[in-house]
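Asks: Have a look at this one.
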Amino acid sequence: MEFTQDKCYRTNADALTRRMQMAEITSFFWRYGADVFLDSPPAEKENNVFLPSFALRRNKHANILGGTKLTGFYYAKDTVFIPYFIAEENNGIYPEVEQRTFRSETLACGKRPHIIYTGNGELQDIITTVSIKKERSKKSTSIYYKEAMDKFACPVALIPLTEDGMRQLRILSVPDYRQRLVTNILGNDYLPPKSLQSDGRTKTENFIIGIDCNILRFENAVKSKKTTKIFVLPFQAEAVQSMVQGTKAQCYVLNLQETEEFLGLPNTLPEINYRAFQTGKGEQIDVPALGKNKKSGR
């Protein structure tokens, strides 16, 4: 395969950091079992594929992503997930510009958009980073990531780049998972929600299926005068519990395996595919793990 050589060595620390972040996200979807070797949006019916943003930015004469911060598109059966790597040094985004781009028919491919906030570390680390507000120039008009969650006209989830995050994403890919889970939990006591701040209710309580870990919904539940029960996965419990402690909101932990079985999902992740990448012409590329230089130790 031929690659265009850089005109000079890359020494810009920010540019190299962004490449590392992009590599982490692409590796996450590769481990998830997706085809990550796309160079253009897939056909509408194609799913379980990830189109990294760098594949679209390669074309210098027609960069349809412009100045957006998104890192790519994961195409599930009915949903297209748009991940953002949130880092402490970031100053926020322009949600209107971002969604004008990713909602285009060319990129959405007829699927419903769903945003992913991710980053370094476990879930609590991502929540902390998303919630950061930094002092910045008064001329800056970007919106902090947490505040931007309310500006997007589509769901937003917080997902770590771990196996827990992969199992979380697999649940989010089931189109009606919230409705199915809340009606199963409440049974004959189920009543439809009166607002977007709950997924169902009884006569006295609101219920939230919080597997997406949308922290704004949790904060609104804390402010509510009505008791709210929030259901999360085991790895999310500690972080969510700390947010609702001492309020009328209560955190409940779902059994992960039972939840997956109820939604028709397997309890294990796909086996890692170690086969060499094959080009359209049948050529194969195998990139072995890079070893340390014994002399320099770097």
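Asks: Does residue 55 satisfy being more than 29 Å from residue 133 (Cβ to Cβ) and touching a residue at least 40 places away in the same chain (Cβ under 8 Å)?
Replies: The answer is no for residue 55.
Asks: Tell me, which residue of region 105-152 that is open to solvent by 40 Å² or more (accessible area, probe 1.4 Å) and of a type in the set (Ser, Thr, Tyr) is farthest from residue 45 (Cα to Cα)?
Replies: 137
Asks: When only residues in region 232-257 that are open to solvent by less than 20 Å² (accessible area, probe 1.4 Å) and β-branched (Val, Ile, Thr) count, which is farthest from residue 123 (Cα to Cα)?
Replies: Checking each candidate, the answer is 244.
Asks: Follow-up question, since we're still on this one. Can you pull out the helices (runs of 4 or more DSSP H) entirely within region 1-117 that have at least 3 residues that are within 23 Å of residue 147 (Cβ to Cβ) and charged (D, E, K, R)?
Replies: 95-102
Asks: Which of the residues spanning region 223-260 are aliphatic (A, V, I, L, M) and more than 12 Å from residue 206 (Cβ to Cβ)? Steps first, please.
Replies: Within region 223-260, the subset aliphatic (A, V, I, L, M) is 230, 232-233, 237, 239-240, 243-244, 249, 253-254, 256.
Of everything in region 223-260, those that are aliphatic (A, V, I, L, M) and more than 12 Å from residue 206 (Cβ to Cβ) turn out to be 232, 233, 237, 239, 240, 243, 244, 253, 254, 256.
Asks: Next question, about the same structure. Between 271, 260, which is open to solvent by less than 30 Å² (accessible area, probe 1.4 Å), under 18 Å from residue 31 (Cβ atoms) and under 26 Å from the mean Cα position of the chain (by Cα)? Break it down into steps so the answer makes sense when it comes.
Replies: Working: 271 fails: open to solvent by less than 30 Å² (accessible area, probe 1.4 Å).
Testing whether each residue is open to solvent by less than 30 Å² (accessible area, probe 1.4 Å), under 18 Å from residue 31 (Cβ atoms) and under 26 Å from the mean Cα position of the chain (by Cα) leaves just 260.
Asks: With 203, 229, 225 as the choices, which residue is buried (at least 16 other Cβ atoms within 10 Å of the Cβ), more than 23 Å from the chain's Cα centre (by Cα) and not in a helix (DSSP H, G or I)?
Replies: It is 229.
Residue by residue, here is whether (1) out of contact with any helix residue (DSSP H, G or I) (no Cβ under 9 Å at 6 or more places or on another chain); (2) within 19 Å of residue 162 (Cα to Cα) holds:
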residue: 55; (1), (2): yes, no
residue: 69; (1), (2): no, no
residue: 72; (1), (2): no, yes
residue: 93; (1), (2): no, no
residue: 98; (1), (2): no, no
residue: 112; (1), (2): yes, no
residue: 116; (1), (2): no, yes
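Asks: Moving on. Taking the condition closer than 29 Å to residue 122 by Cβ, in contact with a Pro (Cβ under 9 Å, 6 or more places away or on another chain) and either at pLDDT below 90 or open to solvent by less than 10 Å² (accessible area, probe 1.4 Å) (or both), does residue 36 pass?
Replies: It is false that residue 36 is closer than 29 Å to residue 122 by Cβ, in contact with a Pro (Cβ under 9 Å, 6 or more places away or on another chain) and either at pLDDT below 90 or open to solvent by less than 10 Å² (accessible area, probe 1.4 Å) (or both).
The values are calculated or read from the model by the stated rules, or taken from the named source; none is laboratory data. Here the structure is a predicted model, which is why all the values come from computation and not from measurement. Every residue, glycine as well, gets a Cβ built from its backbone with ideal geometry; the counts of neighbours run over all protein chains shown. Protein only, heavy atoms only, side chains kept; ligands, DNA and RNA dropped before computing areas. Shrake-Rupley method; radii C 1.70, N 1.55, O 1.52, S 1.80 Å.
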